[in-house]
Amino acid sequence: MPASPPPAPLVLASTSVYRRELLQRLRLPFDCERPRVDETPRPGESPLDLAQRLARAKAEEVAARRPGAWALGSDQVAEFDGRPIGKPGDRAGAIAQLASMSGREVRFLTALSLARGGQATQGALDVTVVRFRALSRAEIERYVDAEQPYDCAGSFKSEGLGISLFDAIDNRDPSALIGLPLIETARLLRVAGYALP
């Protein structure tokens, strides 16, 4: 029986170190490219719509520049009180975010899109609910000073010391909260012809 042809090249439509490290777990060769996409939310756009639109736009934009390749786009939007929350950017922003979320729930919507030839063909969504425990100002400051989570929506790194801030995490895929739900990613890639495992 002749061998199957190799699948098309895979490109991660992201320069996120977190997403790159997660995708490496699947042991497939891939390139990374920065998507040229305006990530500004549209007026009245829900967090869910924002995450799905941006994942699709990132995948389609990179796929249009890389003919023949599959482009994987992902976007995560943290939703608190029905509104998207972004990355804090600095110490004061991180402390304020964590203080506002103390004792509350935050939803993390992680959308995926796989595109080829500039057109998205498949998508998926993971919803993770994080329940923060009641946090004192001293605990928040110690955490922020220890991990400096300024580039993370929600101001924490669940794969590190941030796990100590929670009462619970409810999700289907533990990798989703870090930025790339690998269970759904693997499913999409298998449908596209990649052998996993």
Looking across the stretch 147-173 at residues that are in a loop (DSSP other than H, G, I, E, B), open to solvent by 50 Å² or more (accessible area, probe 1.4 Å) and of a type in the set (D, E, K, R), the single one that is farthest from VAL127 (Cα to Cα) is ASP151
Verdict on ARG116 being touching a residue at least 24 places away in the same chain (Cβ under 8 Å), in contact with a strand residue (DSSP E or B) (Cβ under 9 Å, 6 or more places away or on another chain), open to solvent by 60 Å² or more (accessible area, probe 1.4 Å) and within 21 Å of ALA57 (Cβ to Cβ):
yes
When the stretch 6-43 is checked residue by residue, the ones that are β-branched (Val, Ile, Thr), over 25 Å from GLY160 (Cβ atoms) and part of a loop (DSSP other than H, G, I, E, B) are VAL37, THR40
Of ALA120, ALA115, ALA99, ALA111, the only residue that is farther than 18 Å from VAL77 by Cα, modelled with pLDDT of 95 or more and touching a Ser or Thr at 6+ places or on another chain (Cβ under 8 Å) is ALA115
Of those in the stretch 94-111 that are touching a residue at least 40 places away in the same chain (Cβ under 8 Å) and open to solvent by 20 Å² or more (accessible area, probe 1.4 Å), the residue farthest from GLU147 (Cα to Cα) is ARG107
Filter the stretch 174-194 for residues that are in contact (Cβ under 8 Å) with a residue 40 or more places away in the chain and part of a loop (DSSP other than H, G, I, E, B); the one that is most open to solvent (accessible area, probe 1.4 Å) is GLY193
In the set GLY123, GLY117, GLY86, GLY160, the lone residue that is in contact with a helix residue (DSSP H, G or I) (Cβ under 8 Å, 6 or more places away or on another chain), small (Gly, Ala, Ser) and under 16 Å from LEU54 (Cβ atoms) is GLY123
Of the candidates GLY123, GLY179, GLY160, GLY154, the one satisfying the condition of being small (Gly, Ala, Ser) and over 14 Å from the mean Cα position of the chain (by Cα) is GLY160
VAL127: passes all of (1) crowded, with 19+ Cβ neighbours inside 10 Å; (2) closer than 23 Å to LEU189 by Cα but (1)
Of those in the stretch 53-80 that are touching an Asp or Glu at 6+ places or on another chain (Cβ under 8 Å) and part of a helix (DSSP H, G or I), the residue surrounded by the most Cβ atoms within 10 Å (Cβ to Cβ) is ALA55
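The values are calculated or read from the model by the stated rules, or taken from the named source; none is laboratory data. Since the structure is predicted, the reported quantities are computational estimates derived from the model, not experimental observations. Cβ sites come from the backbone with ideal geometry, for glycine too, and all protein chains shown count toward neighbours. Side chains included, ligands, DNA and RNA excluded: accessible areas come from the protein's heavy atoms. Shrake-Rupley method; radii C 1.70, N 1.55, O 1.52, S 1.80 Å.
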